[in-house]
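Beneath this line is the structure, given in structure tokens, with notes to follow.
The values are calculated or read from the model by the stated rules, or taken from the named source; none is laboratory data. Everything numeric in this text was worked out from a predicted model, so none of it was measured. When we count neighbours, we look across all protein chains shown, and the Cβ atoms used for this are built from the backbone with ideal geometry, even at glycine.
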Amino acid sequence: MVERNVLSASDVTIEYPSHSVSPAFTAVKGFTLTVAPGEIVGLVGSSGSGKSTLAHVASGQAALRASKEPSPKIIGGSLEVLGLELRNIRRGKLGRLTLGVGYVAQDAGSKLTSNMTVAELVAEPLLLRDRRYDRHEAGLKAATLIDALLLPVGTMLKLPHELSSGQRQRVAVARGLILDPVLLIADEPTAGVDVSVRSAVVDVIAGLQRARGASALIVSHDLDTLRRSADRVAVIHEGVVVGLGPIDDVLADPRHPYVVRLAEELNGDAPDADEYGEDELEDDDYEQDEIHDEPATGDEPATGDELETDDGDGLPTDDETRGIR
């Protein structure tokens, strides 16, 4: 018997509804992708390509927040996650979805509760799901994840403001993994993380999910970060998949100008910026943190090398004027 895909998207169109003075905007159009049980898939694209919108919708978070804020909505095609059709899903079924889907937002590290220690933050999802869960066991599980994500165990006693941006993001990743999700959807999980450990962090995510027989959809702008860990990558451009398969296969035989550009960037033979236009060559800048930061005081971590911005990874970007991640 063939196992059902944990995620199956067929010709999906996603729209941001009109609100205030802003008209409706289609962020994703005609997106098709599957994620098999135990598979690690990377979703690669530039800022504005629709990849974060897809992650937000596929995780069920967009539907959960729809009553409080303008949220993207599926208006065409089919998106099935863990056997649940997300198009027009009823709120009563969202609880079933979130039981099996973990989600790490791109800015998750910046939204950690300020008066909770890292130990409390990482263990909290376990205790919220089951208030009788053994707190000592929860603490041990949290510590194991913190250590796996290359953070000192002493980090467990710190508050978020004592950490750098990259350290906070890794705490958010640990929080997303603590419930052993069947599918983890991680949107730029290495945002702000020092370039020297980005690949290692993704390796940990992929390794933990594989060991459980679970899956992951990892959203990134950085092919190098995914190269060792992803079974396949889907390259998305203007809301459409323009490359799909193992990374080396996709780059070796690009079928779309955008994928050609990615291959050239990784090979170091990209043409001058003038040929493509200045906007297409801008990168998202991410703050970096050292693997072992010095203690920081105040609301923000101490400045220094750990907070230097990265010049990016050379991927071209789409039009960012619409405010879609």
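For the reader, a short list of remarks on this structure follows.
- Only one of the listed residues (93, 73, 68) is under 19 Å from residue 12 (Cβ atoms), without any contact (Cβ under 8 Å) to a residue 12 or more places away in the chain and of a type outside the set (Phe, Trp, Tyr). That residue is 93.
- Number of the condition not met by residue 122 [criteria: (1) over 15 Å from residue 9 (Cβ atoms); (2) at pLDDT 95 or above; (3) touching an Asp or Glu at 6+ places or on another chain (Cβ under 6 Å)]: (3)
Let's see how each residue does on (1) farther than 19 Å from residue 38 by Cβ; (2) crowded, with 17+ Cβ neighbours inside 10 Å; (3) among the aromatic types (Phe, Trp, Tyr):
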position: 139; (1), (2), (3): yes, no, no
position: 166; (1), (2), (3): yes, yes, no
position: 182; (1), (2), (3): no, yes, no
position: 198; (1), (2), (3): yes, yes, no
position: 202; (1), (2), (3): no, yes, no
position: 216; (1), (2), (3): no, yes, no
position: 230; (1), (2), (3): no, yes, no
position: 235; (1), (2), (3): yes, yes, no
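- Qualifying residue in region 47-63 (condition: among the β-branched types (Val, Ile, Thr), at pLDDT 90 or above, within 27 Å of residue 230 (Cα to Cα) and touching a helix residue (DSSP H, G or I) at 6+ places or on another chain (Cβ under 7 Å)): no
- Selection from region 57-71 of residues that are in a loop (DSSP other than H, G, I, E, B) and closer than 14 Å to residue 6 by Cα: 59, 60
- Against the list (1) at pLDDT 95 or above; (2) within 16 Å of residue 147 (Cα to Cα); (3) among the hydrophobic types (A, V, I, L, M, F, W, C); (4) crowded, with 24+ Cβ neighbours inside 10 Å, the condition residue 178 fails is (4).
- When residue 261 is tested against (1) closer than 22 Å to residue 34 by Cβ; (2) surrounded by 18 or more Cβ atoms within 10 Å (Cβ to Cβ); (3) over 19 Å from the mean Cα position of the chain (by Cα); (4) not aromatic (Phe, Trp, Tyr), exactly one condition is not met: (1).
- When residues of region 16-46 are limited to those that are under 30 Å from residue 203 (Cα atoms) and not in a strand (DSSP E or B), the one modelled with the lowest pLDDT: 46
- Any chance residue 54 is in contact (Cβ under 8 Å) with a residue 12 or more places away in the chain, surrounded by fewer than 21 Cβ atoms within 10 Å (Cβ to Cβ) and not in a strand (DSSP E or B): no
- Qualifying residue in region 2-15 (condition: touching a Ser or Thr at 6+ places or on another chain (Cβ under 9 Å), of a type outside the set (Lys, Arg) and modelled with pLDDT under 90): no
- Failed item, numbered, when residue 83 is tested on (1) among the small types (Gly, Ala, Ser); (2) surrounded by 14 or more Cβ atoms within 10 Å (Cβ to Cβ); (3) over 18 Å from the mean Cα position of the chain (by Cα); (4) within 19 Å of residue 180 (Cβ to Cβ): (2)
- Qualifying residues in region 64-111 (those that are modelled with pLDDT of 90 or more and among the hydroxyl-bearing types (Ser, Thr, Tyr)) - the one farthest from residue 34 (Cα to Cα): 110
- Subset tally (residues that are among the hydrophobic types (A, V, I, L, M, F, W, C) and in contact with a strand residue (DSSP E or B) (Cβ under 7 Å, 6 or more places away or on another chain)) for region 93-151: 4
- Taking (1) part of a strand (DSSP E or B); (2) farther than 30 Å from residue 116 by Cβ; (3) in contact with a Gly (Cβ under 7 Å, 6 or more places away or on another chain) in turn, residue 184 satisfies each apart from (2).
- Residue count for region 14-40, restricted to those that are crowded, with 20+ Cβ neighbours inside 10 Å and farther than 18 Å from residue 77 by Cβ: 2
- The residues of region 239-258 that are under 20 Å from residue 28 (Cβ atoms), in a loop (DSSP other than H, G, I, E, B), over 18 Å from the mean Cα position of the chain (by Cα) and not basic (Lys, Arg) amount to a single one, 256.
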